[in-house]
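The structure appears below as structure tokens.
Only the coordinates and a few stated rules stand behind these numbers; no lab work does. No experiment lies behind these values; they were computed from the predicted model shown. When we count neighbours, we look across all protein chains shown, and the Cβ atoms used for this are built from the backbone with ideal geometry, even at glycine.
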Amino acid sequence: MRGLLPSILILFFMNCIGQDNTILNIGHRGAMGHETENTIASIQKALELNVDMIEIDVFKISSGEIVVFHDEKIDRLTNGSGAIENMNLEALKNLTVKGNHKIPLLIEVLDVIDHKVPLNIELKGPGTSEGVHEIINSYIKNRGWRLDDFLISSFNWQELKEMRAIDKDIEIAVLTESNPLDAIAIAEELDAVAINPNYKRLTKGNVSKIRSHGFKIFTWTVNDAEQISKMKSIGVDGIFTNYPERVK
């Protein structure tokens, strides 16, 4: 485990010295409580609401592009049907997302954020790590982004292993829906900076245990004011939320 705090958090916590209950306010799929998730409009809304970080989901489609979308199938959110990974770019451009939006490419989302805040990229499908890493490198070299502007997460731990094999320095967070203590071993193996658990699985005890191993805790997805307050009280470091204005 690295001896220093992950660099995407250093400046944030330095700026907040002396403030109580300071946590990262992370816009979940942008600000999906206000705009359709993972759309450009949702990303823009999250920026308007002054989030500390934005989280998105990505798949690799059949023509090779990395697109921003959450579900394995397009049925719930678009006027089409079938697996997102089977789409090519031409077919994807012809889809309409609820709210009259389009499915954006990862590069389009990066252009909108323009390194104003760090970006948590969740790898949804297999084979995403290489393409995502190529894009990250391009934006670091050509668009003014830094490596510490990115946090890579996934429930697919094998995909995280592949990302770590590609890049020994990129910051990784281990997503888990089960007992968060079970993610400690893989987080140590990956030299991760954080474990991202379901808030319903967190207690003051297991938060303390995870932190004792040197990991940050970014919990998802907390929208209720009472639960937001509870997460703050037990010591999490960040909250994914559909309503960033509720995390103060």
Practice task
Before anything else, pin down the relative contact order of the chain: Cα pairs under 8 Å, at least 6 apart, normalised by residue count, whole percent.
Solution key: 20 percent
Handout entry: Selection from GLN158, ASN86, ALA183 lying farthest towards where the dipole of the range 62-190 points positive, charges on Cβ
Key = ASN86
Handout entry: Of SER129, SER208, LEU24, farthest towards positive along the dipole that unit charges on Lys, Arg, Asp, Glu beta carbons give the chain
Key = SER208
Fill in the blank from the handout: Exposure proxy check on VAL236, VAL222, VAL97: fewest-to-most Cβ neighbours within 10 Å is VAL97, VAL236, VAL222
Completion exercise
Taking every DSSP bridge whose two residues both lie in the chain, the antiparallel percent to the nearest 5 is 20 percent
Fill in the blank from the handout: Cross-link reach from LYS73 to lysines, straight Cα distance under 16 Å and at least 8 residues apart if same chain, gives LYS60, LYS93, LYS98, LYS102, LYS124
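Which ordering of SER154, SER63, SER212 is given by a fewest-first count of other beta-carbon atoms within 10 Å? Each step should come with its number before you reach the end.
On the way: SER154 26, SER63 12, SER212 9.
In increasing order of surrounding Cβ atoms, one gets SER212, SER63, SER154.
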Fill in the blank from the handout: Packing-ranked peptide list from 35-41, 215-221, 90-96, highest mean Cβ count within 10 angstrom first, is 215-221, 35-41, 90-96
Problem - Reach of LYS230 by Cα under 26 Å, taken over lysines that are not fewer than 8 positions away in the same chain - result: LYS45, LYS200, LYS204, LYS209, LYS216, LYS248
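Please report, in cubic angstrom per residue, the volume enclosed by the convex hull of the alpha-carbon atoms of the chain. Before the final figure, lay out the partial values.
Details: hull volume 29.7 nm³, N = 248.
Taking only Cα atoms, the chain has a hull volume of 120 Å³ per residue.
For the chain, what is the charge dipole size about the Cα centre, in debye to the nearest 20, if Lys and Arg each add +1 at the Cβ and Asp and Glu each add -1 at the Cβ? Write down the numbers at each step before the final one.
Values: 27 positive and 35 negative charges, 119 e Å.
Taking the Cα centre of the chain as origin, the dipole is about 580 debye.
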